[in-house]
Amino acid sequence: MDRADEHLIPAGTAWLTDPAAQAVCRAMQEAGFAVYFVGGCVRNALLHAPASDVDMATDATPDETIKAVEAAGMRAVPTGIDHGTVTVVQDGRPFEVTTFRRDVKTDGRRAVVAFSRDIADDALRRDFTMNALYATPQGLVVDPLGGMADLLARRVRFIQDPDARIREDYLRILRYFRFWAYYADRQAGFDADTLASIAMNIGGLETLSAERVGQEMSKLLAAPDPSAAVAAMREVGVLAAVLPGSDDRFLAPYVHLETECRITPDWRGRLAALGGDDIAARLRLSKATTRHMALLSEVGWSGPPLAEVAYRHGREIAEQAMLMRCALNGAPPESGWSETIETGTQAQFPVSARDLMPDYQGAALGARLDALERAWIASGFVLSREELLGTF
């Protein structure tokens, strides 16, 4: 087994010195089993990227894992025992410990697995080489498939045959573009053979649930700059398959303006910049996100002045509307845009229904309030209660 030239997890990595995580490892080892940290937590630690979930892999069967940790006084929850996963609770925190596995049968969405004692079997069933990295509890990197070289080169590469890996789970098509957006060397570009394999398997995306597609798209669009990955998705036909009617021409300028204007990135605004037909259903968006997208559809590309958008819907919607309009027009925002939005955000209409009663009732009351509010907004929010009631 290749030990990646004795690569070590950086000493300051939180999970490497976490007493709870180390206690779980110790329980497994004292019972005579091997245990490793695996996947995203190892990958991100080696890239000095923010930590992801802390997962562990072991040569123990699920029953053996349960017995080992319970003997050490820990609680074991068989959360995914059919697929080898036991959630171990230590100091009130959950750690997923999964038995080495090999795929027996896959249908593009789910797999039938068999347990294994061989770490190489476990590595071979993963998606990308950079995700097939393991680390001992002491921090020594174990690299069964040579993924360390790809990681250091920031090369997103399927394990062995891309076509075979994709057919095991078609969601890996979207995962490929997400991982590229986060981890790839942009100067190196995309691997042509990988894109060809993706293009040949686009039909498999139809078998995926809207929830799974939505989760991947939201993660992709939350990347620091997803525009190149999304452009590649369009070129090979993936974007049209998952978001018919979308258009990525405004995404790159939208992301650029986020940086220039120092606006916190939000995948929902980026999704609005992409557009598409029936987005909420195709991505199975939450009710809150659906409302957010509906608002952006209403006021994003065009609509009321930004100050009014901020007054009615808040700073977040106003900022994203500003980015959409600037991306559409290919122009920077007007000077003082932030102050304009802040003014609208803080504005409070000084007239209430009580001020107009009993002279106005019912529909007439609502119409009068609306007219006064429109006059107040048009004034730049400066008309006072007295001026509104006395003049209009």
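Readers should treat all values here as calculations from the given coordinates under stated rules, not as data from a laboratory. Remember, it's a predicted structure, so these values are computed and weren't measured experimentally. Every residue, glycine among them, receives a Cβ derived from its backbone with ideal geometry; neighbour counts consider all protein chains shown.
For region 60-83, filtered to residues that are in a helix (DSSP H, G or I) and out of contact with any strand residue (DSSP E or B) (no Cβ under 7 Å at 6 or more places or on another chain), the residue that is nearest to residue 22 (Cα to Cα) is 68.
Among the residues of region 283-303, none qualifies, meaning not one is among the acidic types (Asp, Glu) and touching a residue at least 24 places away in the same chain (Cβ under 8 Å). Taking the criterion of being under 29 Å from residue 50 (Cα atoms) and either in a helix (DSSP H, G or I) or touching a Phe, Trp or Tyr at 6+ places or on another chain (Cβ under 6 Å) (or both), would at least one residue in region 196-206 satisfy it? The answer is yes; a qualifying residue exists. The condition of being buried (at least 17 other Cβ atoms within 10 Å of the Cβ), within 13 Å of residue 322 (Cα to Cα) and not charged (D, E, K, R) holds for residue 257. The set of residues from region 324-365 being in contact (Cβ under 8 Å) with a residue 40 or more places away in the chain, of a type outside the set (Gly, Ala, Ser) and in a helix (DSSP H, G or I) comprises 324, 326, 328, 337.
Per-residue answers, yes or no, for (1) at negative phi; (2) loosely packed, with under 13 Cβ neighbours inside 10 Å; (3) out of contact with any helix residue (DSSP H, G or I) (no Cβ under 7 Å at 6 or more places or on another chain); (4) of a type in the set (Ser, Thr, Tyr):
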residue	(1), (2), (3), (4)
316	yes, no, yes, no
319	yes, no, no, no
350	yes, no, no, no
355	yes, no, no, no
358	yes, yes, yes, no
363	yes, yes, yes, no
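Summed over region 14-40, the residues that are within 10 Å of residue 54 (Cβ to Cβ) and part of a loop (DSSP other than H, G, I, E, B) give a count of 2.
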